[in-house]
Amino acid sequence: MIKIAYSPIYKYQLPEGHRFPMAKYELLPEQLLYEGTVTEEQFFPPERLSEEVLLWTHTKAYWQKLQEQKLNRKEERAIGFPMRLDLIERGRYISQGTIQCAQYARRNGVALNIAGGTHHAFADRGEGFCVFNDFAIAANYLLKRKEAERILIVDLDVHQGNGTASIFKDEPRVFTFSMHGERNYPLRKEHSDLDIGLPDKTGGEVYLQKLEAILPLLLKQHQPDMVFYLAGVDVLATDRLGRLSLSVQACKQRDQYVFETCRAFKLPVAVSMGGGYSQRIAHIIEAHANTYRAASDVFG
């Protein structure tokens, strides 16, 4: 059975008019249940991330600053959310959800987190709607606990996974691959193990060609025993922040290809949703739902 991490804590209260579509964390599970793609028993409420595991990835100074709510205005503005203690709690549950998804994926082939993909969080700071880096936390957990030996992070959000690249720059057991808009946020890119920067208006055909040329080679060369997949839907043509011009169908083909390739290599995949900022939330939900539909098609 494909397992899905979800908790009501994922939806964080934001000021009216905030550009982050927080409602998607309620709407996506509702849509998946309504259409019959998943059942209630597939959802599990994640546990709370322990301080010990959090500090395997993030610095003690950053953690203390968050606990004491002592971020300065510049640091809070970089994250992009109003800072409250429940935001910190939210991040702990999301990150633990990704750890548990990785463990479920090792048994079932795939598992998905309704939230996560917080790849802009560095060890010592947060950025871009990311407080903690869930993929980095989960990868470090698996390595520390010897539940994995070599990990591939496939980051297909439209924005480069700068925090993830920084955290793992000196960790040969984790290969970071980011395919993103070259002129998009963040302005200053970090160095992933492999970065593919795409021009604006790339479109689905070229995007998929590049992905299909790269992913099997990475799996052969790095030989991971675990894959983390960031399935951001801000690659859509309708996305306010994306600019890569993929159709909803091309985005689904992307997900299908990643899942089919990982299954062909007999690799477990833990998935987090990442970004999506289309004006109509229906476009975001449809594209995210396609990730679950594709996972069900391939692994169900």
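Details
- Only helices enter the 222 nm calculation for the chain: every DSSP H run of n ≥ 4 contributes -39,500 (n - 2.57), and dividing by all residues gives -13500 deg cm²/dmol, rounded to 500.
- Proportion of all alpha-carbon pairs of segment 9-68 beyond 16 Å (%): 66
- The trypsin sites (Lys or Arg not before Pro) of segment 99-172 that DSSP puts in a loop, and whose beta carbon has at most 10 other beta carbons within 10 Å, are 146.
- Segment 68-197: C-alpha gyration tensor shape, a/c 1.5 cut-off, then a/b vs b/c: oblate
- Pairwise centroid distance, computed over Cα atoms, of segment 229-259 with segment 40-55, Å: 27
- Average Cα contact separation per residue, segment 178-267, under 8 Å, 6 or more apart, as relative contact order %: 31
- Rounded percent of accessible protein surface that carbon and sulfur make up, segment 185-266, 1.4 Å probe: 52
- Relative contact order of the chain: 20 percent, from C-alpha pairs under 8 Å at least 6 residues apart in sequence.
- Gyration tensor verdict on segment 163-205 (Cα atoms; rounded if a/c is under 1.5, prolate if a/b is larger than b/c, oblate otherwise): oblate
- Under DSSP loop assignment and at most 12 Cβ neighbours within 10 Å, longest GluC sites (Glu not before Pro)-free interval of the chain: 150-300
- Simple point charges give the picture: +1 on the Cβ of Lys and Arg, -1 on the Cβ of Asp and Glu, and for the chain a dipole about the Cα centre of about 420 debye.
- Rounded accessible area per residue of the chain, 1.4 Å, Å²: 43
- Most simply put, the chain has about 5% antiparallel DSSP beta bridges, counting only bridges with both residues inside it.
- Cα gyration tensor shape of the chain, rounded if a/c is under 1.5, else prolate or oblate by comparing a/b with b/c: rounded
The values are calculated or read from the model by the stated rules, or taken from the named source; none is laboratory data. The shown structure was predicted, so the numbers you read here are calculated from the model rather than taken from an experiment. Cβ sites come from the backbone with ideal geometry, for glycine too, and all protein chains shown count toward neighbours. Areas reflect the complete protein model, heavy atoms only, side chains present, ligands, DNA and RNA absent. Shrake-Rupley method; radii C 1.70, N 1.55, O 1.52, S 1.80 Å.
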